[in-house]
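A short worksheet on the structure shown next.
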Amino acid sequence: MSTDAIVVLKDDHKKIKKLFREFQDAGEDAAKAKGDIVKRIIEELTVHTYLENEVMYPEVRKLLPDLEDDVLESYEEHHVADILCAELAAMDAGDERFEAKTTVLIENVTHHIDEEEKDWFPQVREGVGRKQLQELGARMNDMREKAPRSPAQPSALKKAVDAVIA
């Protein structure tokens, strides 16, 4: 398992995008299957967001002050995804707005992933040393097991709010 922070985050992105495709390919009359997939999406996004908010973003803010605006935008994008995840977690898969809300989540997160991978990660890789990226990735891997799995966990919501306020 790689400990390069960018590789760790890109691996998460691949898992999340795969779940998005599963949701989109599930078909129209697949409420149960879609509900199960959304539960997995919420878990993956909650863990991923936690790791970025706790490790990657604060460190990049310190090491690369020129990327401050990008980090703040990412916090806000995470905030929107957190709200959608919390709403989806409280909904029944048969709710008339469940699929529409999931579609909005997928669109927002896909946009965020694309921006990170095309614009932000290359800047971070250029500005942060290889050793530092490995240390950040190792910290994220260590924290993954204890990371919140649901937006309903108080630590997940508190960390998301604290990150935005900070």
Next on the checklist: Give me the extension gain from Glu126 to Glu68: residue separation times 0.36 nm, minus the current Cα-Cα distance, reported in nm with one decimal.
Outcome noted: 19.3 nm
Item to check | Cβ-based charge dipole, the chain, positive-most Cα from Ala138, Ala33, His111 | outcome: Ala138
Checklist entry - For the chain, modelled as a Gaussian network with Cα springs under 10 Å, which listed residue fluctuates most, Ile41, Ile16, Ile83? => result Ile83
Next on the checklist: Just to be sure I follow the definition: excluding the sites themselves, where is the longest run in the chain that has none of the GluC sites (Glu not before Pro) in a DSSP loop with at most 14 other Cβ atoms within 10 Å?
Outcome noted: 29-95
Checklist entry - Under a point-charge model restricted to the Cβ atoms of Lys and Arg (+1) and Asp and Glu (-1), what is the dipole moment magnitude of region 55-141 relative to its Cα centre, in debye to the nearest 20? => result 600 debye
Checklist outcome for this item: tail above 30 Å in the computed P(r) of the chain, as % of all Cα-Cα pairs, reads 15 percent
Item to check | Positive-end residue of Trp120, Tyr75, Leu45, charge dipole of region 5-165 with Cβ unit charges | outcome: Leu45
Checklist outcome for this item: One finds the C-alpha centres of region 15-64 and region 82-105 to be spaced, in Å, by 13 Å
Checklist entry - If you put +1 on each Lys and Arg Cβ and -1 on each Asp and Glu Cβ, how big is the dipole of region 5-165 around its Cα centre, in Debye rounded to 20? => result 720 debye
Checklist entry - Among all helices in the chain defined by DSSP H, which have a length of 20 Å or more along the axis from Cα atoms plus a Kyte-Doolittle mean of at least 1.0? => result none
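No value in this document is a laboratory result; all are computed from the given coordinates. For clarity, every value in this text was computed on a predicted model and none was experimentally measured. Note: ideal-geometry Cβ built from the backbone for every residue, glycine included; neighbour counts use all protein chains shown.
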